[in-house]
């Protein structure tokens, strides 16, 4: 798209304060900045540390209601709810954040001159505030898309889609349970919609953009959808350009030339929030030893030196806080993952089969889609023994069908367009919509 035909915009980014969500939104933001647009993230001050490009603006919210330390505490609760009461507290944190956004975003957006909202699907306040201010907005599914459809389980559910009566009933029943658990958040959405003078709707899925929705998945990975909106586009992983401004400390990670060609090479990572799960990583290390594989564990800063040494004694060849994930996955023969969407999409792009050990959030749904696509297997994060992990890894390594299906999906990712296509779609939607943002969802 010719840059001179596009009016330059100031995008305000509204997303949950999780590193993986900020990372995807940052990649799209940088692509828009390089086309001449301006981008500002809006969240609690503590979240600014996850942005690595100095060209991205940041505006702090919640200074009085959510002071320093509250975000770190919320992330600890999210990483390990521990009980039904702990889960309820996590849902309460989501409700509080949505309320903070709805109170403070309108004035911040006006004062900063923001004229487009780029909102994560998981934060309803993005669509709510955009509509209240009659601004265009784009919804981005940094996790699995939350668009609802009969027979398609919600992202948090661990089972497959189905169109028969039993499957539709199961999906509806599980959605009803989910909505009941999420009642504090739903009440916050409904109350804040009323305060903003909007129609009262209480679900995150009720506040998605009517103009453009972007998903980090590809259609062949997600369950088949018969009622997906025409403006939902699967663009594949939102990643920065190679050699971008973000740098990571890969101390302890091997030079990939060190990886021996005589034994399989496995990469294991449980993500930023779950990387502290030492007992699970120990079972993975023992399983890799039983499978006769070399293992690199990236714990994302979740373990101390003693725990790292214990992993090596259990069977890990290398242990580090962070690794160049895309480069490692391109070399790995398989990956053991918590089924976080960013890691799984990177594995798909590399054509690397996945052993999923889902723990929380939408990870059970991602694992169900891994099984649906035939690109990997699932294991229980709580109950899988080292022997079970070893047996499943041997299947991934020895059965060529997994690699074949990974290759087919990798080709789909390569043609999906990624960050560049997402930026194209954003500009095209803003050029051609000619919309009345305040009325579009009425």
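For this structure, a couple of remarks:
- Selected residue (only one of 356, 323 is buried (at least 22 other Cβ atoms within 10 Å of the Cβ) and closer than 17 Å to residue 378 by Cα): 356
- Residue that is surrounded by the fewest Cβ atoms within 10 Å (Cβ to Cβ) [pool: residues in the range 391-405 that are in contact (Cβ under 8 Å) with a residue 24 or more places away in the chain and in contact with a strand residue (DSSP E or B) (Cβ under 8 Å, 6 or more places away or on another chain)]: 397
- In the range 295-310, residue nearest to residue 274 (Cα to Cα) [restricted to those that are touching a strand residue (DSSP E or B) at 6+ places or on another chain (Cβ under 9 Å) and outside any loop (DSSP other than H, G, I, E, B)]: 298
- Of all residues in the range 406-423, those satisfying the criterion of being under 19 Å from residue 329 (Cβ atoms) and buried (at least 16 other Cβ atoms within 10 Å of the Cβ) are 406, 409, 410, 412, 413, 416, 418, 419.
- Qualifying residue in the range 39-56 (condition: surrounded by fewer than 20 Cβ atoms within 10 Å (Cβ to Cβ), at pLDDT 90 or above, more than 29 Å from residue 344 (Cβ to Cβ) and in contact with a strand residue (DSSP E or B) (Cβ under 7 Å, 6 or more places away or on another chain)): yes
- Against the numbered list (1) more than 26 Å from residue 239 (Cα to Cα); (2) at pLDDT below 95, residue 135 comes up short only at (2).
- Residue in the range 134-155 that is assigned by TED's automatic domain parsing to the domain that holds residue 21, touching a helix residue (DSSP H, G or I) at 6+ places or on another chain (Cβ under 8 Å), surrounded by fewer than 20 Cβ atoms within 10 Å (Cβ to Cβ) and without any contact (Cβ under 8 Å) to a residue 12 or more places away in the chain present: no
The values are calculated or read from the model by the stated rules, or taken from the named source; none is laboratory data. Note that this is a predicted model, so its numbers are computed, not measured. So basically every Cβ, Gly included, is an ideal-geometry build from the backbone, and we count neighbours across all protein chains shown.
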